[in-house]
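The structure under discussion appears below in the form of structure tokens.
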Amino acid sequence: MTIKPKRWQVALSPPPDHTARFPGLSPLIVQLLYNRGLSTPSEVRAFLRGDWPEDNPFRLKGMNEAVTRLRQAIRRQEPIAVYGDFDADGVTATALLVETLSALGAQTEPYIPHRVDEGYGLNTGALRELARRGIKVVVTVDCGIRSIPEVSYGRRLGLDIIITDHHSPGEELPPSVAAINPKQADCRYPFKELAGVGLAFKLAQALLRTNRQTPVTRGEVSLEEEDLLDLVALGTVADLAPLLGENRALVRRGLEKLNRPQRLGLQALLSQAGVRPGQITATTIGYVLGPRLNAAGRLDTAMASYNLLTSLSPAEAKSLALELERVNRERQRLTVDTLERAREQVLAIGEEEKLFFVAAGDYLPGIVGLVAQRLTEEFYRPSVVVELGPERSRGSARSIPEFNITAALDRCSDLLVRYGGHAAAAGFTVSNANLEPLQQRLRQIARRQLEGVELLPTLHIDAEVDLSEMNWATYALLEQLEPFGYANPTPLFLSREVTVRDARVVGENHLKMILSDGRAVWDAIAFRQGEWAGKLPYHIDIVYTLEVNEWNEEKRLQLNVKDLRPSGLA
């Protein structure tokens, strides 16, 4: 794979009078916080402490109605179903709410649809089955805000449906008992970016706080809000929710719980993945734990992940962790195989096309989103990958900042059976008769919108620094900004005129370098950039993150080089 050029965009320095407002902070930290939109002393203090001053769940529209109906169901012992989604966000949200309702004395059960057999979100067959089994109240987590016909059908069956969902609502809302979603235009809750599990936590918070004031049933409730934060951290990070504001505060507290795991399933999952408690970061969730929890729902049923998170048996937990490990390895293999075929289709289309749309009958619905993401990363184009069905097909789309894929699907709504998502990612179901018109319209929208736009991935660089500034003291400063993740990325630095002392290919086309600024010598790694070997000039400019490399129990700082250029080119 040829290394594609990237655009380097260095953040502007804050005005001198801004930096002067923070005499107790390092200028570099002030710069990094400024880059993340944190400019007032109160915002900076809250961020560095990991606080979120406003956490009253009853400011969420619909919360009062949801709590009232659920407490009524608990008193009457009406069966409640928690209807989730098959990804890590939905599974953790389902586990969290079932645990909370059960602790309050409710008759409750989980329902997570099968990705292949049922697809995403509420479906009429599932609602019909739940009603047949005597369920009276259905609480959705991480889905439902656009399910107008399904909620209407559920009402006709006698189901009271409460929606908690963080996805963007449409112009019309479903006829539910309550819809809890801070993205509703008239919702006054100050933080709009909670994940699905975050909203489930807000509902749990409201139920637990109300119960402390007015118990709904006799008996002591031993569950505390803090007991749920490990699940909140898992789902929030795995779903790529922005790690700012309340999400950051919740994830920081949740990581403390994860590093002292109480759940047998998490202990087994960590053991199987070779992760030691005390070393879990947001990166661990994103690259180790999240993919394993997601794997079950991608290839089979997500109930395996749910059962792992809620297991009370060490033997069962170990068995389920082993199964998730096996399924995740199979998922990795299938992703590589499918990606190779999809790349061939893309190369046949030609890179001059503004949007890639590929389809095949044997593409798995649990894999197409991963493949679309890989295509978008490699070619920097919006990518749609579709699993062809006999009458209807299901697709997954990933996009770039220059193109809002869900807004594009809004302009194709007349062709779609259902769809949903956000600016960077979406999914849809389409009848096969409309598949070709959908492809043509999406490509037409992309051509018009992206005409004349130079489509290059952009590296948003936090600061240009001398390489000599990178040391353990700087690393300690950067740790104050953790956890890193979406919207709070690991700080990215630019250093110029760095001397290359050695460069060689290691592993699968990775570039291992020894670099120097004349004062210090650095180990550096540039993943998937082995093509530079033998071509590097004596001086280069590098864009990199600072990280710790641990080998044989020895910790050393190294540079993780994201991009490089011969010095003097820019």
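Every number in this text was worked out from the coordinates using simple rules, so none of it is lab data. Computed from a predicted structure; not experimentally measured. Cβ atoms come from the backbone with ideal geometry, glycine included; neighbour counts cover every protein chain shown.
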Cβ-based exposure ranking for Val386, Val177, in which fewest neighbours within 10 Å come first: Val177, Val386
As computed over region 134-224, the Cα convex hull volume per residue (Å³): 121 Å³
Sum of -39500 (n - 2.57) over DSSP H runs of 4+, divided by residues of the chain (222 nm, nearest 500): -12000 deg cm²/dmol
Lysine pairs within region 57-224, Cα separation less than 19 Å, 8 or more sequence positions apart or different chains: 6
Proximal aspartates and glutamates to Lys562, defined as alpha-carbon separation beneath 12 angstrom and excluding residues fewer than eight positions away on the same chain: Asp541
Sorted by Cβ density within 10 Å, fewest first, the residues Glu78, Glu391, Glu353: Glu391, Glu353, Glu78
Dimensions in Å of region 57-224 - Rg and Dmax from alpha carbons: 14.6, 44
Between 0 and 90°, nearest 10: helix 314-349 axis offset from the chain longest Cα axis: 60 degrees
Alpha-carbon Rg with Dmax, taken over the chain, Å: 24.7, 77
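Please report the antiparallel percentage of DSSP beta bridges with both residues in the chain, rounded to the nearest 5.
60 percent
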All Cα pairs of region 30-113, percent lying beyond 17 Å: 64 percent
Inverse of mean 1/r across different Cα pairs in region 350-450, Kirkwood, Å: 13.1 Å
